[in-house]
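Visitor: Just passing along the structure, written as structure tokens.
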Amino acid sequence: MRARTSPLPTAVVQSGRTPLRTLPPRAWLAVLGVTAAALVAAFLLVDLQGNLAYVLPRRLNRVGAMVLVAVAVGVSTVLFQTVTGNRILTPSIMGLDALYILIQTVLAFALGARTLLTLGAPVRFIVEVALLVGFSWLLYRWLFTGGGRSLHLLLLVGIVFGVFFRGVSSLLQRLMDPSEYIILQDLFFASFNRVDPTLLLISAVAVLGLCVPAWRLRHRLDVLALGRDTAVGLGVDHRRTVTLVLVICSVLVAVSTALVGPATFFGLLVSALAYQLCNHFRHAVVLPVAVLLGVIALVGGQLVLEQVFAFDTALSIVIEFTGGLVFIALLLKGRIR
């Protein structure tokens, strides 16, 4: 008799972590897809009053931004966790969120917060994406040139730079005028109300263009999830694949962050839920599940805030708080490497 093999990666089986098995993967995809579509329709149509030619395009723009962020953050987080072999890491550990806050702080300190808000949205977007991607490129150059470099060194350098960026930002913020800082503080949280339609279109093209190679890598990612030695033994070019995945993650996070602002724990929240809902860890299922969960969280959360709490709080604060609790819970369980 042939021995029955587990569909889960060895590291996951050894960790004792088991997903929920109440529904097969296709059923979860159908349920989540219908739920996401229903929430999008409800967000667009509930309490739709006044001039429809003005209100409806604005709602479509906000929904488009939320869906785009869900795709970018969900895909980048799952891919990043696969290549790092750690389910509690997100691309924000590379210091990109801290660099975004530093960019906003330096511009506000040098030009003034009011002047910063009056700058052209395309100019700010291009500068922010270029700096974020450039920083990532420098880190990858450090990783993949010379001998003795490793992915763990890259993560460590990213953490150190993140702490450094936050320290510089904190110093400049203490030197700023309090009224300027209050204006600047609004830029530190993800917001879907100030997205420029032109930037949304550019971001959509970039995100969709990167999702195509990410989807084509799904089978190699399944092999990478088994570990570096196993992946190399099965013929996967580990360094080339990891480099490509890190580049995809960096650009996705850079575009998402420059478009709406940082969302540190959002990716951790959707990826953790996606792995729990899936019956196996194949990326052909995990990736779309993570994206659909992101759409449900963002669109559903924004709908509840508008219709129930009347904008008493920002959606990003609620998501970051929930994601932080998930992060703490994963650390306390100690069952995920």
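The values are calculated or read from the model by the stated rules, or taken from the named source; none is laboratory data. Because the structure is predicted, anything quoted here is derived from the model rather than measured. Note that we place each Cβ from the backbone using ideal geometry, even for glycine, and neighbour counts take in every protein chain shown. The protein model used for the area step is the full one, side chains on, heavy atoms only, and it has no ligands, DNA or RNA in it. Shrake-Rupley method; radii C 1.70, N 1.55, O 1.52, S 1.80 Å.
Visitor: Can you find, within the range 282-329, the residue that is modelled with the highest pLDDT among those that are out of contact with any Phe, Trp or Tyr (no Cβ under 7 Å at 6 or more places or on another chain) and part of a loop (DSSP other than H, G, I, E, B)?
Guide: R282
Visitor: Given the condition more than 18 Å from the chain's Cα centre (by Cα) and closer than 21 Å to S92 by Cα, answer yes or no: does some residue in the range 248-260 qualify? Steps first, answer last, please.
Guide: Taking the range 248-260 as the starting set, the residues that turn out to be more than 18 Å from the chain's Cα centre (by Cα) are none.
The answer is no; no qualifying residue exists.
Visitor: Considering the range 189-201 alone, what residues qualify as being in a helix (DSSP H, G or I) and surrounded by fewer than 17 Cβ atoms within 10 Å (Cβ to Cβ)?
Guide: P197, T198, L201
Visitor: Can you confirm whether the range 211-223 contains a residue that is open to solvent by 50 Å² or more (accessible area, probe 1.4 Å), of a type in the set (F, W, Y) and modelled with pLDDT of 85 or more? First the steps, then the outcome.
Guide: Applying the first criterion (open to solvent by 50 Å² or more (accessible area, probe 1.4 Å)) to the range 211-223 yields 212, 215-216, 218-220.
Going one step further and asking which of them are of a type in the set (F, W, Y), we end up with 215.
The next check asks that each one be modelled with pLDDT of 85 or more; those that pass are 215.
Yes: the range 211-223 contains one or more residues that are open to solvent by 50 Å² or more (accessible area, probe 1.4 Å), of a type in the set (F, W, Y) and modelled with pLDDT of 85 or more.
Visitor: If you go through the range 223-237, how many residues are within 19 Å of R282 (Cβ to Cβ) and out of contact with any His (no Cβ under 6 Å at 6 or more places or on another chain)?
Guide: The number of residues fulfilling the criteria is 9.
Visitor: Let me ask something else about it. Any idea which of (1) surrounded by 15 or more Cβ atoms within 10 Å (Cβ to Cβ); (2) more than 22 Å from the chain's Cα centre (by Cα) is the one V73 doesn't satisfy?
Guide: (2) is the only condition that V73 fails.
Visitor: Considering only residues of the range 96-116 that are in contact with a Gly (Cβ under 8 Å, 6 or more places away or on another chain) and either surrounded by fewer than 19 Cβ atoms within 10 Å (Cβ to Cβ) or not aliphatic (A, V, I, L, M) (or both), which is farthest from P262 (Cα to Cα)?
Guide: Filtering the range 96-116 for residues that are in contact with a Gly (Cβ under 8 Å, 6 or more places away or on another chain) and either surrounded by fewer than 19 Cβ atoms within 10 Å (Cβ to Cβ) or not aliphatic (A, V, I, L, M) (or both), the one farthest from P262 (Cα to Cα) comes out as Y100.
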